[in-house]
1. Give me the helices (runs of 4 or more DSSP H) completely within region 64-156, filtered to those with at least 2 residues that are aromatic (Phe, Trp, Tyr), ordered by residue number.
2. Residue by residue through region 73-89, note down the ones that are closer than 18 Å to residue 225 by Cβ and in contact with a Gly (Cβ under 9 Å, 6 or more places away or on another chain).
3. Within region 44-79, how many residues turn out to be crowded, with 20+ Cβ neighbours inside 10 Å and hydroxyl-bearing (Ser, Thr, Tyr)?
4. Cβ-Cβ distance below 8 Å, separation of 6 or more or different chains: which pairs start in region 116-142 with a residue that is more than 16 Å from residue 184 (Cβ to Cβ) and end on one that is in a loop (DSSP other than H, G, I, E, B) and among the β-branched types (Val, Ile, Thr)?
5. Can you give me the number of residues within region 225-249 that are touching a strand residue (DSSP E or B) at 6+ places or on another chain (Cβ under 9 Å), surrounded by fewer than 16 Cβ atoms within 10 Å (Cβ to Cβ) and not hydroxyl-bearing (Ser, Thr, Tyr)?
6. Looking at the structure I just gave you, is residue 16 aliphatic (A, V, I, L, M), modelled with pLDDT of 95 or more and surrounded by 14 or more Cβ atoms within 10 Å (Cβ to Cβ)?
7. Name the helices (runs of 4 or more DSSP H) wholly inside region 162-256 in which the number of residues that are closer than 30 Å to residue 147 by Cα and either more than 14 Å from the chain's Cα centre (by Cα) or not aromatic (Phe, Trp, Tyr) (or both) is 1 or more.
8. Find all pairs meeting these conditions: Cβ atoms under 7 angstrom apart; at least six residues apart or on different chains; first residue within region 79-91 and more than 19 Å from residue 194 (Cβ to Cβ) and hydroxyl-bearing (Ser, Thr, Tyr); second residue buried (at least 20 other Cβ atoms within 10 Å of the Cβ) and modelled with pLDDT under 95.
Amino acid sequence: MAFAIGCLIGKACSRASKPASVSLSAQSENWGLSFQEEGKRPTGNASIEELSRYNAWYAQNTDKKILYLTFDAGYDNGNTPAILDALHKHQVHATFFVVGTLIREKPELIREIIAQGHTIGNHTMTHPDMTGISTKEDFQKQLQDVEILYKEATGKDMLKFYRPPQGIYSIENLQMAKDLGYQTFFWSLAYVDWYQDKQPTKEEAFEKLLGRIHPGAIVLLHSTSSTNASILDELLTKWEEMGYTFGTLEDLCKSA
């Protein structure tokens, strides 16, 4: 499916040849990371300070061993229940950034996620390259259509948390999201977990997710991944053994 392919564009998972100091570009970009040292926050396309001007985040500036767990969900293929079970066992509350079609097709799943204490974020209605949208009205429609479906499914207003599809963004997009009252969330740790016919092994997953975890991390996983579903209980245990606790994106916003 189009959603699953390229959500991280690979750059988020590899050592990029970026300078130590980077700035927001006026052009559209794919969110990317450069991991310089194990256990340390990677350098992103933009700094925490630069993103904060647009109510946007990719990590928290902290030395405290806390992480923020998020999932991207464009559709459901049966792996979500195991993920929810692991989160419940460890009493971890995550944010699920969902595409609008998932809410329309599986409203009962959305209600179950919420009932277990998790948050639903906005991953747009159709998962397009949002930088190709030139007007604020069209940009808003991609988010507002999801809000409407969420309200129909839950009877509640949706929190204004947004994740750009495929991590593609521009300054104009970030400003539009801010003007609409949204907080934008990128990530500081992810790995290639979205190819259904090429799932990573447990060893490959742990190499990335344990070796690159760092204080203040926003972690992105895909809820469609069978590997994530099978390892999450053990992964959460290992992070806990490393001294990490789990916060929510709501907590992160309040820390600013």
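1. Because the criterion is at least 2 residues that are aromatic (Phe, Trp, Tyr), the helices (runs of 4 or more DSSP H) in region 64-156 that meet it are 136-154.
2. 87
3. Residues flagged as crowded, with 20+ Cβ neighbours inside 10 Å and hydroxyl-bearing (Ser, Thr, Tyr) within region 44-79 amount to 4.
4. 125/99; 126/99
5. Adding up the residues that qualify gives 1.
6. no
7. Here the list reads 171-179, 226-241, 249-254.
8. Matching pairs, first to second residue: none at all.
The values are calculated or read from the model by the stated rules, or taken from the named source; none is laboratory data. Remember, predicted model here, so these are calculated numbers, not experimental data. As a convention, Cβ positions derive from the backbone with ideal geometry for all residues, glycine included, and neighbour counts pool all protein chains shown.
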